[in-house]
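In what follows, a structure is listed as structure tokens, so that the remarks can point back to it.
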Amino acid sequence: MSASTVPLVKFNNGLSIPILGLGTWQSKPGEVGKAVCDAIDIGYRHIDCAHLYLNEKEIGEAIKKKIRSGIVKREDLFITSKIWNTYHHPDWVEKAVRISLDDLQLDYLDLYLIHWPMAYKEGTDPFPEDRNGKIIYSDVDYVDTWKAMEKLVEKGLVRSIGLSNFNTKQVQRILDAAKIKPVTNQVECHPYLYQKKLFNFCKERGVTLTAYSPLGSPQRPWAKPGDINVLDTAIIKAIAAKYNKSPAQVLIRCAIDRGIVVIPKSTTRSRIAENFNVFDFKLTPTDLEQIASLDCNGRLIPQAEGREHKDHPFAHGDE
């Protein structure tokens, strides 16, 4: 296993992304830096970050440590971050990316995404609330946010720009207005939310899909007893046994075999290594059909606090 094992996916702008990366959502301070160091040692070169995760400073220290020690060069790494909802106003977009660049101790990002289509009241409070505890929204149009993101590419602050959690109508609105096309749409994607329609829609338009929560996010804070556990599904366990692999490895391989970039999260070295060890087997078309049969639009990351926003991607029946 090495970094050279990981296939690259070519974006519509000619640049490439490793198909497998390390997710860092819910990676706690005090753990995330070691996880990033472990991942780079194991062979990961793609690290997925976001301002909202509140751990980019520690990730930046880990990246700097690995570059200084000669394990990797900056150009070997693919680093993604995301602009949060309170920075959507065009006047705030460059401020946002510079905060992430400073925290990550980088001169540029390989990829910068609009984290969600909904804009919240501008400011540094990520969840600005009124006196009734409801999120205060902003009326900024995400198309205007996108146009400000394009300027970041022109300034050399980011190499590629993309979307996250956008539905088909929203992706199309961006494509219709864009000078620079989005290279990817990063969305929740696992067997219970297979994203076939969105995947095909994006593929037809040259937009790569990236899968977050590919293991079904078993540690999501709002999970209740009896909720879906993707890793514990009989079909997944049977396929895993057939290949002498873990259910997590099957889920990661499923995304890879569909041509979807995948970013499983872990802070445990053994699991980070296990998640990387997926390039010595391949799922058959029958395996993939069986996995696809589990699809039930089982969304596990609903972004509930923004559901009343006009641009919420799932609240109005759009996918």
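Some observations on this one:
- Taking every C-alpha pair closer than 8 Å and separated by at least 6 residues, the mean separation divided by the residue count of segment 16-305 gives a relative contact order of 19 percent.
- Each of 138, 81 has some number of other Cβ atoms within 10 Å of its Cβ, and from fewest to most they run 138, 81.
- Counting only Cα atoms, the chain measures 53, 49, 39 Å along its principal axes, largest extent leading.
- DSSP-assigned coil residues among trypsin sites (Lys or Arg not before Pro) in segment 212-319, each with at most 12 further Cβ atoms within 10 Å: 282, 310
- The chain - charge dipole about Cα centre, Lys and Arg +1 at Cβ, Asp and Glu -1, debye rounded to 20: 660 debye
- Projecting the Cα atoms of 32, 302, 247 onto the charge dipole of the chain, computed from C-beta unit charges around the Cα centre, puts 247 farthest toward the positive end.
- Sorted peptide list for 88-96, 54-62, criterion being average Cβ within 10 angstrom, highest first: 54-62, 88-96
- Taking every C-alpha pair closer than 8 Å and separated by at least 6 residues, the mean separation divided by the residue count of segment 54-192 gives a relative contact order of 23 percent.
- Beta-bridge orientation, the chain: approximately 20 percent antiparallel, per DSSP, counting only bridges with both partners inside.
- In summary, the aspartates and glutamates within cross-link reach of residue 10, defined as a Cα separation below 18 angstrom excluding same-chain residues under 8 places away, comprise 48, 75, 76, 110, 204, 257.
- Alpha carbon centroid spacing (whole Å) that separates segment 71-128 from segment 142-197: 14 Å
- Rounded, prolate or oblate (a/c below 1.5 giving rounded, otherwise prolate when a/b exceeds b/c) for segment 71-115 by Cα gyration tensor: prolate
- Cross-link check: pairs 73/151; 242/282; 197/310 evaluated at a Cα-Cα cut-off of 18 Å; pairs beyond the cut-off: 73/151; 197/310.
- Considering only alpha-carbon pairs that sit under 8 angstrom and 6 or more positions apart, the relative contact order computed for segment 232-319 is 23 percent.
All of the numbers you see were taken from the coordinates with simple rules; none came from a lab. Just so it is clear, the structure is predicted and the values come from calculations on it, not from any experiment. All Cβ positions, glycine included, derive from the backbone under ideal geometry; neighbour counts span all protein chains shown.
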